[in-house]
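Participant: Right, I'll just put the structure down here and ask away after.
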Amino acid sequence: MKKIRLGIFFGGRSSEHEISIRSAKSIIKGLDKTKYDIVLVGVDKSGRFYFGEKAISLNMPQASQMLEDLRKNTSTELASVSAGLPERVDENISGAIDVVFPVFHGPFGEDGTIQGLLQSFNVPYVGAGILGSAIGMDKDVTKRLLRDAGIPSARHLTFYHHESDSIKYDEVTSTLGDIVFVKPANLGSSVGISKVKSKNDFEEAVKTAFLYDNKIIVEEFIKGREIECSVLGNEYPEASIPGEIIIRHDFYSYSAKYLDDNGADLKIPADLPIEISDKIRKMAVRVFKILACDGMARIDFFVKDNFEIFLNEINTIPGFTEEVSMYPKLWEASGIPYEELLDRLINLAISRTKRNNELLH
Ligand SMILES: Nc1ncnc2c1ncn2[C@@H]1O[C@H](COP(=O)(O)OP(=O)(O)O)[C@@H](O)[C@H]1O
Ligand SMILES: [Mg+2]
């Protein structure tokens, strides 16, 4: 059987650059090399694309450290393409890569931008399409669509940078309660997020969030356990068993996620009554469909003591390390091992493109 040339796109301009490299490294390691030739496409923090060997040698110090040992698995086909754009970008991408796994987290990769580029070149890619990616990245739009569909999530207010002066702590807390979360609308990994309990903290938190996005949201505090569910599929998505993140910090901050090895534990499966677990799985599939997802998504919930369920957020390219990331670990526990999960995602990408190519344009 002919091997599939799989492009692993990683790195990227967002502040989740390093996390993306970790996920990419794990995916490359987990792939069945008898089925795939891997073409690395690394994007540095300034947004330049490097193909093949260049991705692990040029301007990507973290990548070169972490991916050095993978050199032998790398197709050198594109190695001659140096920094800057080749003469015919479309030929270089669509001619050399059969399908892409975009392993970007955050803006400029998880948000529909790369998906749009790949779609223009008619190259199949893993995960949500342009619309689902863009919706999933924007916490404000996500929550508005869910509200419309009757799915509960924390109440929120939205503010734009140009109206910063009109953001009033007293008004916000009288609507949302004394404790609020301030977040950039489009980001992930808890970057730029603050839990706020006072007016001073609030002003700082708003400034911080605006460093990362021109749109921010302020959310009411939901006191609950953090339960996550993985969804896989295109037209007929399925949900994994739910897992719980048990957090040892005030909230699941960047440092609890990535800096403190003991910041949080994953409990798989989550310790929940079966009917609640089933309800979460059903809700996860509904959310996946409402938000126009394809391929995969990790859907994150808060569950209160009385088992009321609130959607927190959705990740269309969730963390993907085999050892620690919830998305693949939940599938592993639900009967789909890592290597098979990768195969399935790649097949879903190919079948979606086939179907789309049958449409009249
Ligand atoms: N409304 C909320 N109530 C309680 N905790 C929250 C709320 N919003 C966020 N958090 C905490 O902050 C973490 C990060 O927020 P989240 O919206 O998931 O952002 P990210 O996309 O960066 O993961 C959550 O995992 C949770 O611990
Ligand atoms: Mg989150």
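Participant: For residue 37, list long-range residues whose amide hydrogen, built 1.01 Å from N in the peptide plane, is under 5 Å from its own amide hydrogen.
Facilitator: 4, 5, 6
Participant: Considering only DSSP beta bridges whose two residues both sit in the chain, what percent are antiparallel, to the nearest 5? Working shown, then result.
Facilitator: Values: 41 of 56 bridges.
If I count the DSSP bridges inside the chain, around 75 percent turn out antiparallel.
Participant: Let me ask something else about it. Can you find, among 230, 264, 291, the residue farthest towards the positive end of the dipole of the range 200-291? Put +1 on the C-beta of Lys and Arg, -1 on that of Asp and Glu.
Facilitator: Projecting each Cα onto the dipole axis, the largest value belongs to 291.
Participant: I'd like the Karplus ³J(HN,Hα) series for the range 113-119: coefficients 6.51, -1.76, 1.60, θ = phi - 60°, whole numbers in Hz, and an x wherever there's a Gly or Pro.
Facilitator: Along the range 113-119, the couplings run 5, 5, 4, x, 4, 5, 5 Hz.
Participant: Could you point to the residue in 38, 189, 240 farthest towards the positive end of the chain's charge dipole, with +1 and -1 charges on the Cβ of Lys/Arg and Asp/Glu respectively?
Facilitator: My answer, from the dipole projection, is 38.
Participant: Explain nothing, just compute: Karplus ³J(HN,Hα) = 6.51 cos²θ - 1.76 cosθ + 1.60, θ = phi - 60°, for every residue of the range 246-261 in order, whole Hz, x for Gly and Pro.
Facilitator: 9, 9, 9, 10, 4, 8, 7, 7, 4, 5, 5, 6, 10, 9, 9, 4
Participant: Semi-axes of the equivalent ellipsoid of the range 223-350: what are they in whole Å, largest first, if each equals the square root of 5 times a C-alpha gyration tensor eigenvalue?
Facilitator: On the way: eigenvalues 101, 64, 33 Å².
Listed largest to smallest, the semi-axes of the range 223-350 are 22, 18, 13 Å.
Participant: Subtracting the Cα-Cα distance from 0.36 nm times the residue separation, let me have the gained length for residue 198 to residue 307 in nm, one decimal.
Facilitator: Values: separation 109, 0.36 × 109 = 39.24 nm, distance 2.87 nm.
So the extension gain works out to 36.4 nm.
Participant: Any idea what % of Cα-Cα pairs in the chain are farther than 25 Å?
Facilitator: On the way: 34651 of 64980 pairs.
When every Cα pair of the chain is considered, 53 percent fall beyond 25 Å.
Participant: Still on this model: Quick one: which residues, 5 or more positions from residue 100 or on another chain, have an amide H under 5 Å from its amide H? H modelled 1.01 Å from N in the peptide plane, none for Pro or chain starts.
Facilitator: Excluding prolines and chain starts, which carry no amide H, the hits are 7, 125, 126.
Participant: Give me D for the range 155-220 in µm² s⁻¹, whole number, from Stokes-Einstein with Rh from the Kirkwood sum over alpha-carbon pairs, 4 °C and 1.567 mPa s.
Facilitator: Details: Rh = 11.4 Å.
The Stokes-Einstein estimate is 114 µm²/s.
Participant: Got a sec? Which residues in the range 96-140 would a label at residue 148 touch, if it sits 7 Å along Cα→Cβ and we count backbone N under 11 Å?
Facilitator: none
Participant: Could you name the lysines whose alpha carbon sits less than 23 Å from that of residue 168, not counting residues in the same chain fewer than 8 places away?
Facilitator: Leaving aside lysines fewer than 8 places away in the same chain, those within reach of residue 168 are 139, 143, 183, 195, 197, 199, 207, 215.
Any read-out appearing in this document is the output of simple, stated calculations on the displayed coordinates, not a laboratory observation. Bear in mind that the values here come from a model prediction, so they are computed numbers and not experimental data. For neighbour counting, all protein chains shown are included, and Cβ atoms are generated from backbone atoms with ideal geometry for every residue, glycine included.
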